[in-house]
Each structure stands twice: as C-alpha cells, then as structure tokens.
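The values are calculated or read from the model by the stated rules, or taken from the named source; none is laboratory data. This structure is a prediction, so every number in the text was calculated from the model and none was measured. All Cβ positions, glycine included, derive from the backbone under ideal geometry; neighbour counts span all protein chains shown. Ligands, DNA and RNA are stripped out before the accessible areas are found, and what is left, the full protein with its side chains, is counted by its heavy atoms. Shrake-Rupley method; radii C 1.70, N 1.55, O 1.52, S 1.80 Å.
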Amino acid sequence: MDALVSTGLRDTLIAGARVIDPASSFDGVADVLIRGGLIADIGTGLAAEDAETIAADGAVLCPGLVDMRVELGEPGREYRETIASVARAAAAAGITTLVALPDSLPAIDDPALVRLLLARGEETGSVTILPYGAVTRGCAGEQLAELGLLHEAGAVGFTDAGRTIGPARMMRLALSYARGFGGLIIQHPEEPSLSEGGCATEGELATRMGLPAIPAAAEAIQVARDVALVRLTGGRIHFAHVSTAEAIELIRRAKAEGLAVTCDTAPPYFDLNEIAIGEFRTYAKLSPPLRTDADRRAVVAALVDGTIDAVASDHQPRDADDKRLPFAQASAGGAGLMTLLPITLAQFHGGAITLPRAIELLTAGPARVLGLTQGRMGKGSAADLCLFHPDRAWKIEAGRMPGKAQNTPFDGRAVEGRVLGTWKAGKRVFG
Amino acid sequence: MRHLLAIEGLAPTTIAELLDLAESYALLNRSGKTQRDVLRGRTLINLFFEDSTRTRTSFELAGKRLGADVLNMSVSTSSVKKGETLLDTASTLNAMQCDLLVVRHDQSGAPNLLAQKVEAAVINAGDGTHEHPTQALLDALTIRRHRGKLEGLTIAICGDIGHSRVARSNIHLLNAMGSSVRVVGPPTLIPAAIEELGVTVFHDMRSGLAGADVVMMLRLQKERMTRNLVPSSREYFRFYGLDAEKLAVAKPDALVMHPGPMNRGVEIDSAVADDPAHSVIREQVEMGVAVRMAVLDRLSRTSNYTAGARR
C-alpha cells in the first residue's frame, strides 16, 4: 500500500460532484471512486475506507479534456515549448490527452518518430500524447508519407498541420489510400494561392491597416474542393479550425449528404473577431486569421447545432522573438492550452450552449472524430478526470501561464471556469 | 501628440494647426531665413529600412534648418540579415539618446512597434502599405495654397490604391478636412471595402476625373505587372495613365499631383507632368520640407517631451 501511495495511486473518492459525461449523456450529482488508476464506481453515497476523499462541493467532474490539435515544439523547436512544459500546462488546463501536430523538426513522417512521441508522453506521467502522422513526407506536399506504417505505429490521423494539402491530386491520393485502413485526413482549409503572403482577413480593417490580406472565401473554396474529393474517393476528412460562415455551411450540407466530413474550431474563432489585431497586435495574429463578427457568430451557431464536432486548443507556442516583429513578419499562432476550457465555457455563460455541450466539445466530440477511447468516464475506464468550478473567475495574463508559451490572444481577459484538479490514470497531476 | 504614426485618428484641428505651422515655415524657407534654435541640441535620426532619397533628404533638410543634429542610418537588409531585430535597433537608439526618430520601413506597423520601445518621438516616414502621414500633410498644404481651403473639394486619387500608403493617409486626411475623395483604378489595384474609408470607387478614369479639383496620381510599380495585377504598362497607360485628354474632363484649373518618383508614360504623360498650368509636383517637394519642419517642431514641443531632461 505504501508503494502505491508513493506513486500516487492511492484510492480516491471524489464526493458530491456534478458529474457530466457527455459520452453517456450522464449529468447528475454523484460520487466517483478511483481505484488502481481506473474508475471503480460512479454513484451516490459511495464510501471507501483508506481512500482519500475529496469534497467536490458542487464543482463539475468530467472526463479529462481531449485536445485534438497541439503543436509541441519538440522535437526541433524546444525553445518554444517542450513536451515537459506542454505536459505541465495541459495538466493545469484539465487536459489529459492531446494530439500532436506532425510539423516538428523533423516532421513526424516516420513510424519511429510516432513511437518516440507516444513514449515521451508516457514519460511525463501526466498526459497522453497521441501523434498525427504527416500526410506528405516532411509535410512538404510532394510525396505521400508512409500512411499505413504510421497508422500501424499509432498515428491517430494524418495532416500536414498548418500547410494546406494544395494539389487536388495529392488530396485525392491521400483520401483514397487512407480509406484502405479507415485513416482520417485532417486538412488546414485555406486555398494556398489565395492565402499566400496574407496575414489578415481581407476587408475594411486589413485595408485600413495596410496588411496583406486573405479573402475569407479561401477557406470555403478549399472545403468545397475537398468535399468533392471525399465524394469521389469515399475517404474521410476532418477540417481543422474552421472559421467562416461559408465554409461551415458547406460542411453542414456535406454532413447532411452523409459524407464522412467532420470539423473542429478553436476558441479564438468563436470568441474574438478581427478587431483583436488592431494596433498591430501580433499575439492575435493566427492562422487562419481572425474573421469578421458575422463569421464569428456563424461559428457559434455551428457549435450549437452540432455542425462543429470539437473544440481544439490549436496551441501554437511562439516566443517573443517570433512575435515581436512587424505584423506581417511575425509568426502566426497563439498559445491555447490554458484558455481552452474557460473560453469554451464563456459560450455557456453567455447562454449559447449548455454546460454538457461545452464539455462534449472538449471530450467526447474530439474522441469520436478520432475514434479514441478517451473522453468518457464509464466504470472500468481509465480515471482521466477534470474537476473544475465553472463560475470561479480568474484573469488570463501572458507571462503568468504554466508552460513556456505565453503568446495568448486573450491576454488581460477575465474569465470564469477554474480547474481545481486533474487526474491522469488515477494519479492527481494538478491541483 | 507624442508621435506621428498615422493620419487616421488625428483631429481636424490638429491637422489644421500643423498645416498653419507648415505654411509659416514655407514662407520662412522662401525668405531664406533660418530658425536654428528650434531644435538646437536635439538629435534627429533618419532610420530608413527602405531606400528613399527624396523623403530622407527632405527630413534631413528640415531637421538641419531647425538646428538639429541629423544622422542618417540606412539599415538596409545588412543588420537584419545578421539577425538584428527591430527591437534590437530600438535598444541601440535608446542608448544613443536620440530625440526624434524618423522611420521608413517596408512593413505596415513597424513604426508603431518601435514607438512602444523607444524614448524618442517617432515619425512615420512610410510603413509598408499602411500610412505616409507627412506626404498627406504636404499634399494638403499644396492644395490649400492653391485653393485656399480643403473642404468642399473633389479629389481623385488614381492608380495603385491597394499598395499605396500615400493613398491611405490622403484619404484619412482629406475626409477629415471635408473634401470629397474618389479613388480610380482597375479592380485588381483597389483593395477590399475601401468604400468604408469614405471614398467613392471608379474604374473608369473619365468618370472618376469628371469635375475633379485635384487629380492625384500614384506610382505604379513594375512588380504589379509581373504579378499580373495589370497586363502591361502599355495597357495601363491606355486606360489609367493621365494625359491631356483624360485631364480635360476635370475642372479647367484642376491641380495635378504626384508623390514621385514618376514613371513617365506609365501613370502620367510627360506633357501633363510638366504643364505649369496644372502640375504642382515641384511645389509638393518644396512643401515637403516645410511640413516636416512643422512636424518636428510640434513633436519637440509636446508636454511629455523635453530635450535633455532625461540625460
């Protein structure tokens, strides 16, 4: 028993929590008993001798968050973020599973690298890292990567990260080939010849600021083409960080048609609009760029009606040297781990979505898209859990967040929703 | 006013004050007198990340006429290639304790970034495709000298509006002062939603110029043709080049302006550019020095800025 305690695997009883598990549609006050790293029981009036008892006092207990889009920084850009620093930030954010983008140095286009990332995640003991494999070698867009071998090694999907799979023939090949083993292709939807060199959404603000701009239609054009290729190949596609009304409408129609099309978005696209880049604020320079408020409202509507399957942090760690540059030269991307839950909860506090729906977008939603066993909390499943108080307020401050990356577009924002505790396979890793 | 980073946001009264001050400097310059005590003991650095002989010379002359110590730093790409960032440069300038910093950069917003980090007053001498405030002020001064006012005039800005910081600054200034602004050019050179800045868009030169008090031509850069924004200089001149025939639809005494340097035979015909009945292009250069003297003078007098105080 002493040995178990020393490794953090003492039995734990979380008592009197509002348990929300969207995967099973459970929402009610209950106790949860963690034993041997697994959820041993969920019910009322549970008691366990020797278990450490935590009074939840009405806080919400839900599955550990599943973040389906995270740039790690490691390997290759450790100055931005390391796996260890990501793991610390993830635990503080209630995230227990994260899916890593493959555009590292080197790119994750070799099965050995997939296995390396899986192992490095295990080493942290606080977060499961699931890698995406590259669609093309080096994410360079020219030659198909070894999709089958990557899949076999544990890649949960394929993407060239922030690079659009541009040529139609390459996307057709990827969709067709991956179909052979049920593989999922994740696309960054921005038609490359329209987005090249741009750094803001085309419109009045970009014109006023004199910034090279990208028309919002670049997203819809890419989505429209890829939907046609899904129809042609019978493959499965997932569109990352959708941000425009037009693209969302195309996805809505593709889903209604029964095509294997899913999508996610990230908090900046339903919480901010392009005004955030005013005064040349590079922390709000993202890819895709922030949109008009009409587009933002369309993203919210799609969170409500289910067109959007998941919310991902889109964590893109950048350091000061990447960001303290003239706007067009600054690197695009925002740190997203710490703001994932509270900014999503802002849609609940604002009345757009229910609390269970907010949690679904962060747990069961992404797990369903990627076919993962995580993101649920049934009896016998791994005790990956997040305990948070939805009403507790705090202020987001760049420079004071866990993890290396501090480049948040939400700097200075007051939010509600504080993580009180995070458990990874029964071990308390935060709080 | 701590810096001059843009025309957008400047109050009409501030613009009018600057123009009045510039007018007095224009008269002083013509009289051959100097006023070297205005910036005596102050250091002005011209920090040019992009070549521009005429703007740099204009600021240099303005600074010297007011008695400043003027240094020119051409930070071409060499320092940048060595890894020096804009903020490293800012730190260097703070160490040199310069008072007035004139910045030209090929990136929109670069002077704003510098202004956050340097102690000197920053003057934007053109940033990317964002703004070129002193150019708009000198254009306004030139117009005001000929028309006696700015309000109620119809001004056509023609050519590559999308890539023109001069156009943006002029639109903000002329709108603020009560002029009516038109922009004229092919759709590929007109940026999205420009109407929201308070202009009327024309794609036909004759319609755009009809009844105009002022025709402001913009430089067309050759790279616009290589990027296929316009098919050729020959075609461009045919439809958008200013010649006597197109100018004839404007007011009989219409002013012709150009920020220079001109591509003769591309955006403007030599006969028009050199026609003393219309062209005020040389006067624009003269007013440039006066406007820059006014801006340097004004910024050196702002309340939170006192020369030598922090030394």
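The table that follows gives values for the structure above.
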quantity	calculated
Filter pass, A:A260 being away from chain B (no Cβ under 14 Å), within 22 Å of the chain's Cα centre (by Cα) and open to solvent by less than 10 Å² (accessible area, probe 1.4 Å)	no
Helices (runs of 4 or more DSSP H) wholly inside segment B:55-154 that include at least 3 residues being closer than 18 Å to B:R42 by Cα and away from chain A (no Cβ under 14 Å)	B:86-96
Single residue of B:E235, B:E267, B:E245 found to be within 25 Å of B:T55 (Cβ to Cβ) and either of a type in the set (F, W, Y) or more than 14 Å from chain A (Cβ to nearest Cβ) (or both)	B:E267
Test: residue in segment A:322-334 that is more than 14 Å from chain B (Cβ to nearest Cβ) and either assigned to a helix (DSSP H, G or I) or on the phi < 0 side of the Ramachandran plot (or both)	yes
Subset tally (residues that are out of contact with any Asp or Glu (no Cβ under 9 Å at 6 or more places or on another chain) and among the aliphatic types (A, V, I, L, M)) for segment A:27-38	3
Segment A:398-413, residues that are over 14 Å from A:L340 (Cα atoms) and surrounded by fewer than 19 Cβ atoms within 10 Å (Cβ to Cβ)	A:A398, A:G399, A:R400, A:G412
Check on B:R182, away from chain A (no Cβ under 14 Å), under 24 Å from B:R224 (Cα atoms) and open to solvent by 10 Å² or more (accessible area, probe 1.4 Å)	yes
Residue count, segment B:234-275 (criterion: buried (at least 16 other Cβ atoms within 10 Å of the Cβ), within 16 Å of B:R224 (Cβ to Cβ) and among the acidic types (D, E))	1
A:I343 assigned to a helix (DSSP H, G or I) and either more than 23 Å from B:L113 (Cα to Cα) or touching a Cys at 6+ places or on another chain (Cβ under 8 Å) (or both)	yes
Qualifying residue in segment A:188-201 (condition: buried (at least 21 other Cβ atoms within 10 Å of the Cβ), among the small types (G, A, S) and touching a helix residue (DSSP H, G or I) at 6+ places or on another chain (Cβ under 7 Å))	yes
Sole exception among (1) touching a residue at least 12 places away in the same chain (Cβ under 8 Å); (2) farther than 17 Å from A:P402 by Cα for A:G73, by number	(2)
Selection count where residues are without any contact (Cβ under 8 Å) to a residue 24 or more places away in the chain and away from chain B (no Cβ under 11 Å), scope segment A:206-231	1
Hits in segment A:152-186 - residues which are in contact with a helix residue (DSSP H, G or I) (Cβ under 8 Å, 6 or more places away or on another chain), surrounded by fewer than 22 Cβ atoms within 10 Å (Cβ to Cβ), outside any loop (DSSP other than H, G, I, E, B) and free of Cβ contacts under 8 Å to residues at least 60 places away in the same chain	A:E152, A:A153, A:S176, A:Y177, A:R179
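Yes or no, residue by residue, for (1) within 21 Å of the chain's Cα centre (by Cα); (2) within 22 Å of B:V166 (Cβ to Cβ):
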{"residue": "B:I7", "(1), (2)": "yes, yes"}
{"residue": "B:L10", "(1), (2)": "yes, yes"}
{"residue": "B:A16", "(1), (2)": "yes, yes"}
{"residue": "B:Y25", "(1), (2)": "yes, yes"}
{"residue": "B:L44", "(1), (2)": "yes, no"}
{"residue": "B:L66", "(1), (2)": "yes, no"}
{"residue": "B:V70", "(1), (2)": "yes, no"}
{"residue": "B:E84", "(1), (2)": "no, no"}
